[in-house]
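To keep things clear, I will list the structure first and then write my remarks on it.
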Amino acid sequence: MSSPNILILGAPGAGKGTQSRRLVEEFGVEHVTTGDALRANKGMDIGHLDLEYDTPGEYMDAGELVPDPVVNEIVKTALEAADGYVLDGYPRNESQTEYLDSITDLDVVLYLAVDEDELVRRLTGRRVCEDCGATYHVDFDPPAESGVCDECGGDLYQREDDTEETARERIRVYEENTEPVVEYFRDEGVLVEVDGERTPDEVWADVEDAVEARAN
Ligand code: ADP
Ligand code: ADP
Ligand code: ZN
């Protein structure tokens with residue numbers, strides 16, 4: 001079996017990154033995540049586009065979407081280089097969905113369903129390793145030693161956009177722009193909806209089954 005092309009959808013904090021890491025280990029796919037790619041390029045000069053802000057970081061700190069031309073280019077380059085992938089954080093609106101459709105074929109479309117209050121609890125307690133990107137939660141998934149990554153010993157930090165105020169704004173932007181994307185895949189009959197409000201292991205059991213059933 002060649003490596004599958006997987007799309008994972010869900011609101012900010014739904015657990016996409018957590019499940020994606022397991023998909024990488026289990027199915028040998030590349031993790032393509034626009035959030036991480038943009039965080040690595042927060043200061044990139046996009047002034048030539050003549051839009052609201054001149055860098056991706058300004059959109060991100062406000063909880064707004066970075067302009068389509070910037071993210072579309074990142075995704076195209078990453079998917080061309082990948083032999084099987086899990087795409088996380090993209091598409092986030094209808095125009096990105098059309099663009100994705102024009103550049104690739106998906107084998108599996110997963111959707112992690114989680115309630116708003118739970119999303120806010122997850123986002124505000126999230127901690128990320130600055131060296132390897134592993135994700136923790138101060139209450140739901142704490143590291144053995146506070147502030148230190150179990151996997152590599154790196155320092156954990158809190159993302160600037162994981163404050164309650166920006167988290168709620170990101171969820172609002174998600175409902176407005178990205179819920180129609182979920183509906184699009186539901187209407188196409190390809191959406192595999194998973195109850196994301198269980199433990200990571202329980203969610204993973206359904207995610208793994210869905211990919212195994214569709215990737216052959
Ligand atoms: P989360 O994992 O909490 O959903 P991400 O790391 O995916 O958050 O995204 C962080 C920020 O990066 C978003 O709030 C947005 O500003 C920007 N971003 C990420 N992906 C996209 C995208 N596909 N389109 C536009 N902006 C994006
Ligand atoms: P996303 O990539 O969708 O924004 P993450 O995978 O980064 O979401 O998870 C957001 C936060 O919630 C992290 O702190 C993570 O440790 C925690 N988390 C992930 N999955 C679960 C789960 N099933 N139950 C409780 N907390 C979770
Ligand atoms: Zn680490």
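The values are calculated or read from the model by the stated rules, or taken from the named source; none is laboratory data. Quantities reported herein were computed from a predicted structural model and do not represent experimental measurements. Note that each Cβ is placed from the backbone with ideal geometry, even for glycine, and that neighbours are counted across all protein chains shown. Accessible surface areas use protein heavy atoms only, side chains included; no ligands, DNA or RNA. Shrake-Rupley method; radii C 1.70, N 1.55, O 1.52, S 1.80 Å.
Brief remarks follow.
- Built amide H within the under 5 Å cut-off of Asn5, gap 5+: Tyr85, Asp107, Val108
- On the chain, 41 percent of the accessible area sits on carbon and sulfur atoms, based on a 1.4 Å probe.
- With each label modelled as a point 7 angstrom along the Cα→C-beta vector, the Val24-Lys42 pair spans 2.0 nm.
- In terms of its C-alpha gyration tensor, segment 173-216 comes out oblate, because a/c is 1.5 or above while a/b does not outweigh b/c.
- Placed amide H near Tyr53: partners under 5 Å, 5+ positions off or other chain: none
- Charge dipole (debye, nearest 20) of segment 68-216; +1 at Cβ of Lys and Arg, -1 at Cβ of Asp and Glu: 240
- For segment 56-117: rounded, prolate or oblate by the Cα gyration tensor [a/c cutoff 1.5]: oblate
- Stretched out straight at 0.36 nm per residue, the stretch from Ser102 to Asp50 would grow longer than its current Cα-Cα span by 16.2 nm.
- An oblate overall shape is assigned to segment 128-216, the ratio a/c of its alpha-carbon gyration tensor axes (a ≥ b ≥ c) being 1.5 or greater and a/b not exceeding b/c.
- Simple spin-label estimate for Ala205 and Asp115 gives 2.2 nm between the two label positions (7 Å along the Cα-to-Cβ direction from each Cα).
- Contact order for the chain, expressed relative to its length and based on alpha carbon pairs under 8 Å spaced 6+ residues apart, stands at 29 percent.
- Alpha-carbon gyration tensor eigenvalues x 5, square-rooted, for segment 40-160, Å: 28, 19, 16
- The modelled label-to-label distance between Ala81 and Glu197, using points 7 Å beyond Cα along the C-beta direction, is 3.9 nm.
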